[in-house]
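Visitor: Provided herewith is a single structure, encoded as structure tokens, for subsequent inquiry.
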Amino acid sequence: MKSVHFKILVWCFATLLISLGAFIMVTRFVSVAAARGNFITDVHALQTAEAEEAYQDGGSAGLAAYLNRLHRFMRERDYVTDAQGKDLATGEDRSALLSLARPITEPPRQTHGQIVFVTTSVDARIRLISTIDPPIGFGNLLPYYFLILAAVALVCWLLAVNIASPLRDLARAVERFGRGDLSVRLNSRRTDEIGELSRSFDRMAERIGTLMTGERRLLQDVSHELRSPLARLSFAAELVRTAADRDAAVDRMKKEIDRLAGLVSALVEVARAEGDPSAARLEPLRLGDLLQEVASDCNVDADARGCGIAISAEADVTLRADRELLRRAVENVVRNAIRYTPEGSTVQVRTESAGESVRISVRDSGPGVPEELLPKIFQPFFRVDDSRDSSTGGVGLGLAIAYRAISVHHGRVWAQNVNPGLNVWIELPVAA
């Protein structure tokens, strides 16, 4: 019995059969118990007394007339005998019937499909033997028994299907997931324990799928992006051995090493941002303080570019977020704006309320991005202009890190061209 479906059916049918047997026994007891009770006993005592009077007054003929009259009004068949079982109305021997009869005061029983009981007169001279069909015959109840059996069997089958079917779906989903189909989900709408189990599987599958997808993407990104810096580093190492100006060659090698270290650090940050959202250390923080900290960290880059950073906090709200992760996300957007804003311009950073959310706007005055490429700028390693981005030292991961970090905080980020420049919007839910 390894199938839950079969186990449920067996237990339901076993319960049904036990209940049916008990019901039959109770029905039979109730059907024969109809002849019991003080009222029935008193009626038969009265009939016995009347039969005795009829026999005394009219003899056998008077007794037979009384019994015929009694039979017209009563459903039972009555016989009056003496103590030995001789029928006082017809003279027949009723001793066998008398031996089968039980006193009216005792629980009756069926004999040959009938209830037979006897009432003794006060002076014990005569016996009134009564035979009666059960009020409800067992055979008459069989169709109803089968109808109840069929109805309960249908209910049991539906119960078994209702429980076993989602478990089978879960087993198939687990098997598919184990074969590598990371997209399989149950999406159960049940509100019971089976539904909770299905939703737990969906959460687990989502989590594992995210981790595996992130690992695969990280492996692909690393293998793709490390080729060029490794090739340049190998070339720089060769120059150290052969170049006349070894100091310049060493400086170039150090620059390539620093660039490679920055690339690896950025890749690790991307993996952390999307790999384990539950590991985020959420804490209350003031958005205005966070923006001031970001501006302070980015002032060195802004000064190097000959531009400035202006913060306008129209909505200084409290967020519940991972401070370091959110700070890095906003910082990446600001640094990206600094990288492309013209010399002498200002990167505008402002906040505004949006219902239960707050929006952060980071605007530069650069050339913007072609409209068809706007959705792609948050993809890892995407560069609008590869040569320009290489000159600034970027690897195309800043906005990708920001996008995934904002997603961890249940927010969203998007970009739009303005005239002039690019405006990047970050929307985050406000802490209750």
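Visitor: For segment 274-360, which fully contained strands (runs of 3 or more DSSP E) count at least 3 residues that are surrounded by 15 or more Cβ atoms within 10 Å (Cβ to Cβ)?
Guide: Working: elements: 282-286, 308-313, 318-322, 346-354.
Correct list: 308-313, 318-322, 346-354.
Visitor: Within segment 57-85, which residues are buried (at least 18 other Cβ atoms within 10 Å of the Cβ) and among the aromatic types (Phe, Trp, Tyr)?
Guide: Listed by number, the residues that qualify are TYR66, TYR79.
Visitor: Among VAL330, VAL294, which is the only one that is out of contact with any Lys or Arg (no Cβ under 7 Å at 6 or more places or on another chain) and within 17 Å of THR351 (Cα to Cα)? Outline the logic, then answer.
Guide: On the way: VAL294 fails: out of contact with any Lys or Arg (no Cβ under 7 Å at 6 or more places or on another chain).
VAL330 is the lone residue from the list that is out of contact with any Lys or Arg (no Cβ under 7 Å at 6 or more places or on another chain) and within 17 Å of THR351 (Cα to Cα).
Visitor: Output the number of residues of segment 188-208 satisfying the condition of being in contact with a helix residue (DSSP H, G or I) (Cβ under 9 Å, 6 or more places away or on another chain), in a helix (DSSP H, G or I) and farther than 12 Å from VAL174 by Cβ.
Guide: Looking only at that region, the number is 3.
Visitor: Within segment 326-338, is even one residue over 30 Å from LEU211 (Cα atoms) and at pLDDT 85 or above?
Guide: First, the residues of segment 326-338 that are over 30 Å from LEU211 (Cα atoms): 337-338.
Restricting the remaining residues to those that are at pLDDT 85 or above gives 337-338.
Yes: segment 326-338 contains one or more residues that are over 30 Å from LEU211 (Cα atoms) and at pLDDT 85 or above.
Visitor: Among the residues in segment 372-381, are any of a type in the set (Lys, Arg), at pLDDT below 90 and under 18 Å from LEU290 (Cβ atoms)? Break it down stepwise before answering.
Guide: Taking segment 372-381 and keeping what is of a type in the set (Lys, Arg), we get 376.
Checking which are at pLDDT below 90 leaves us with 376.
Okay, now just the ones that are also under 18 Å from LEU290 (Cβ atoms), so none.
No: zero hits.
The values are calculated or read from the model by the stated rules, or taken from the named source; none is laboratory data. Only a predicted model underlies this, so the values are computations on that prediction, with no experimental measurement involved. Using ideal geometry, Cβ is built from the backbone for each residue, glycine included, and neighbour counts are taken over all protein chains shown.
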